[in-house]
């Protein structure tokens, strides 16, 4: 008698179910629907695929869906990440109106829905990550027409207050975008006064809001830098910090204030993108974490110097990364000085160096404006070569 699908080992069935390129529809759903045996054998893969991460926005429909999932123990036990969708077309999250009465009604409704979300998230014992995003990774519709800055401060603050009130302590907290030409920004005010919620935080990724979207008033960067330092003091387990800002003067003031005040005891990874900063402030922050920092990513930065030749600032930064720190991973992308774009001209896909008297090949993924180095030796050799290859192209 020929073997049936149900007789195949679970591992082989999962390989077949995971081969989505060979099926018009999701093979896992199709296979699970054929028999109870296959339903049981593929249940682990099914729950891992569809319930490890759940997308939710502040609407009754999505909250009821989350409530239904929480009543099924095997599904509730699987969920590890909650992605809160923040988009202009979802529940009026970005609604801005001159009608103060309508705005007050919206704010009240948002707080009530956020409170419900907080109470529901308590039912997921394995929940470790909360992300605020502008769209699901699968969603390719409703693209924003052009680059926009989306202020999600109100939603962010309401949800954070709710999870703090219900004793939820995430390991990872992010604001991020996936696909749209938009930037999610939030005020760090939403993180102040939440010592319980932040006590277990290990990874924090924030795009900072440096202007009030309703009044248009620019915030005080120096004060915001001190506020962020105060927030991080509530997170003694923090090991990874990612910050995104802007190219404004207040962004520079923010980073200077933060670099001079922040001392994160266990920081191993630091990423900064879309920011204006001086080489002195950037190197100060990294040198303050010499004994712990292992990974660093600098992306879309405009790095300036205090005086003299502005082009020396890149050499200064690369020198500190190589000579003062023991980094195991470095990513450099789209760096700029005050007037120029930095290009690592001549760095081939495969580079050769003479290391300790021995010839060896080191492979580095990169383009003229992007370098990714993994491993201590590769970082050392790659940064030395990068300093030799730095050229400057005037920005138009």
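Could you tell me how many of the residues in segment 69-90 are under 17 Å from residue 125 (Cβ atoms) and not in a strand (DSSP E or B)? Residues that pass the stated criteria total 12.
Condition first: in a helix (DSSP H, G or I), modelled with pLDDT of 65 or more and in contact with a helix residue (DSSP H, G or I) (Cβ under 8 Å, 6 or more places away or on another chain). Now tell me which residues in segment 6-28 satisfy that. Working first, answer last.
In the first step, residues of segment 6-28 are kept if they are in a helix (DSSP H, G or I); the result is 6-7, 10-17, 20-22, 27-28.
Still in the running and modelled with pLDDT of 65 or more: 6-7, 10-17, 27-28.
Matches in segment 6-28: 6, 10, 13, 14, 16, 17, 27, 28.
With a requirement of 2 or more residues that are surrounded by fewer than 17 Cβ atoms within 10 Å (Cβ to Cβ) and either modelled with pLDDT under 85 or touching a strand residue (DSSP E or B) at 6+ places or on another chain (Cβ under 6 Å) (or both), the strands (runs of 3 or more DSSP E) lying completely within segment 144-263 that satisfy it span 148-151.
Tell me, which strands (runs of 3 or more DSSP E) wholly within segment 293-363 include 3 or more residues that are modelled with pLDDT of 85 or more?
Answer list for segment 293-363: 295-304, 329-333, 340-344.
Among the conditions (1) modelled with pLDDT under 90; (2) surrounded by fewer than 16 Cβ atoms within 10 Å (Cβ to Cβ), residue 287 misses just one, which is (1).
The values are calculated or read from the model by the stated rules, or taken from the named source; none is laboratory data. What you are looking at is a predicted structure, and each value in this text was computed from that prediction instead of being measured. So basically every Cβ, Gly included, is an ideal-geometry build from the backbone, and we count neighbours across all protein chains shown.
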